Amino acid sequence: MIKQHALFIYNPFSGDMPDKDDIIASICDHLGNYELWKTTGEKDGEKIKKLVKDGDYDLILVGGGDGTIKMVAEALEGKKIKLLPIPFGSANGLATCLGLKTWEDSLESLDKGSTIDMDLMDVNGQVSLHLSDFGLNAGMIKKFEDGDERGMVAYFKNSLSSLRDIKPYPFKIILRGKEENVEAKMLIVANGSKYGTGATINPGSKMDDGIFEIIALNPNGLQEWLELTYGVMREDLSGLDFVRRWSADRVSIENSAEAPFHVDGEIVEVKNKVSFQLRDHKIKMYWHPENHGL
Ligand SMILES: Nc1ncnc2c1ncn2[C@@H]1O[C@H](COP(=O)(O)OP(=O)(O)OP(=O)(O)O)[C@@H](O)[C@H]1O
């Protein structure tokens, strides 16, 4: 039984778990002193800020996907409250990076008390929890393979049938006062190591080291696409000359060709220039080190 004063926030609409109510009851059995609150879909960010301000919580459990966790993370700025993600979403990008693949992993992590002071990325003033990307998105490839066209922009429908034909986008990367012009089919800015699908695009990254990574991928032809796929599977992209990687705590990226842009797996309106930096506030986040999440 956990003694900390806990607030358990969950999103009744995230993901599609059939037995969510039973799982919530099992999690509540684990907590001693807690309040349960479900999101409403209306001004939840403001409501959560008020709950956090008025309550005297040591711990917030969040049952939802990245969208729900993001709202809570924003409400915790300047506070020392610990956050435990419970992967109730459909993709669960952040939870995957933290090694929290199931709600049981989350409870194990809570019992063990394993936390990190996680860096929080700021993308043009919005929070990004684990990664943003320009261009071809791994989640979209997966949806395409699954025959699910939800969320795909029109041009993907025409071009994805042949991955090899996709043209690179030009990007200008402004890093430590220097400009670098790069051509890439995918450009990823990541604090986390993987997509919610489990694909490791930023092997070896740490979420609490005060830096994030910028990764440009420009594979050409079937051979290089296969090499990339193999590298992602064995979590090692070293030695691939169509992969470039930089580390930074701030960067600006000019996206003059308006490559599609996603933050934590959600499509975001394309901006010609996007600024990334780490926020001053870190979040005390539970994780599961044995699952090699970071
Ligand atoms: N009670 C509610 N009714 C309708 N929509 C809700 C409600 N509560 C939250 N939402 C909506 O849920 C969305 C956030 O979902 P979230 O990202 O957590 O889950 P998901 O999309 O299933 O997961 P993932 O990001 O892992 O794919 C927001 O758009 C929010 O407005």
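With respect to Lys112, is the statement that it is surrounded by fewer than 16 Cβ atoms within 10 Å (Cβ to Cβ) and either within 13 Å of the ligand (Cβ to nearest atom) or basic (Lys, Arg) (or both) true?
Values: surrounded by fewer than 16 Cβ atoms within 10 Å (Cβ to Cβ): yes; either within 13 Å of the ligand (Cβ to nearest atom) or basic (Lys, Arg) (or both): yes.
Taking the combined requirement at face value, the residue satisfies it.
Evaluate the following for Ser193: is it surrounded by fewer than 20 Cβ atoms within 10 Å (Cβ to Cβ) and polar (S, T, N, Q)?
Numbers: surrounded by fewer than 20 Cβ atoms within 10 Å (Cβ to Cβ): no; polar (S, T, N, Q): yes.
No: the conditions fail for Ser193.
Scan segment 187-213 for residues that are assigned to a strand (DSSP E or B) and modelled with pLDDT under 95 and jot them down. So that I can check it myself, show each step before the final result.
Narrowing segment 187-213 to residues assigned to a strand (DSSP E or B): 187-190, 194, 200, 212-213.
Across segment 187-213, the qualifying residues are Lys194, Thr200.
Before we move on, is Ile283 crowded, with 16+ Cβ neighbours inside 10 Å, within 17 Å of the chain's Cα centre (by Cα) and at pLDDT 95 or above? Working first, answer last.
Details: crowded, with 16+ Cβ neighbours inside 10 Å: yes; within 17 Å of the chain's Cα centre (by Cα): yes; at pLDDT 95 or above: yes.
Yes; evaluated as a whole, the condition is true for this residue.
Do we have Gln223 as polar (S, T, N, Q) and closer than 25 Å to Asp119 by Cα here?
Working: polar (S, T, N, Q): yes; closer than 25 Å to Asp119 by Cα: no.
Judged against the criteria, Gln223 is not a match.
Here are the criteria: (1) in contact (Cβ under 8 Å) with a residue 12 or more places away in the chain; (2) near the ligand (Cβ under 8 Å from one of its atoms). Tell me which single one Leu31 does not satisfy.
Unmet for Leu31, out of (1) in contact (Cβ under 8 Å) with a residue 12 or more places away in the chain; (2) near the ligand (Cβ under 8 Å from one of its atoms): (2).
Of these, Lys47, Lys3, which one is of a type in the set (Lys, Arg), over 22 Å from the mean Cα position of the chain (by Cα) and modelled with pLDDT of 95 or more?
Values: Lys3 fails: modelled with pLDDT of 95 or more.
Going through Lys47, Lys3 in turn, the sole match is Lys47.
Of all residues in segment 34-54 being aliphatic (A, V, I, L, M) and either without any contact (Cβ under 8 Å) to a residue 40 or more places away in the chain or within 11 Å of the ligand (Cβ to nearest atom) (or both), which is surrounded by the fewest Cβ atoms within 10 Å (Cβ to Cβ)? Explain how you work it out, then say what you get.
From segment 34-54, those aliphatic (A, V, I, L, M) are 36, 48, 51-52; that's our starting set.
Checking which are either without any contact (Cβ under 8 Å) to a residue 40 or more places away in the chain or within 11 Å of the ligand (Cβ to nearest atom) (or both) leaves us with 36, 48.
On the way: Leu36: 16, Ile48: 23.
In this case the residue turns out to be Leu36.
If a residue must be closer than 20 Å to Ser193 by Cα and either surrounded by fewer than 19 Cβ atoms within 10 Å (Cβ to Cβ) or at pLDDT 90 or above (or both), how many such residues does segment 254-274 contain?
Applying the first criterion (closer than 20 Å to Ser193 by Cα) to segment 254-274 yields 261-267.
Within this subset, residues satisfying the condition of being either surrounded by fewer than 19 Cβ atoms within 10 Å (Cβ to Cβ) or at pLDDT 90 or above (or both) are 261-264, 266-267.
Residues flagged as closer than 20 Å to Ser193 by Cα and either surrounded by fewer than 19 Cβ atoms within 10 Å (Cβ to Cβ) or at pLDDT 90 or above (or both) within segment 254-274 amount to 6.
Report yes if Val274 is within 21 Å of the chain's Cα centre (by Cα) and assigned to a loop (DSSP other than H, G, I, E, B), otherwise no. It would help to see each step written out before you state the result.
Working: within 21 Å of the chain's Cα centre (by Cα): yes; assigned to a loop (DSSP other than H, G, I, E, B): no.
No; evaluated as a whole, the condition is false for this residue.
The values are calculated or read from the model by the stated rules, or taken from the named source; none is laboratory data. The shown structure was predicted, so the numbers you read here are calculated from the model rather than taken from an experiment. Note that each Cβ is placed from the backbone with ideal geometry, even for glycine, and that neighbours are counted across all protein chains shown.
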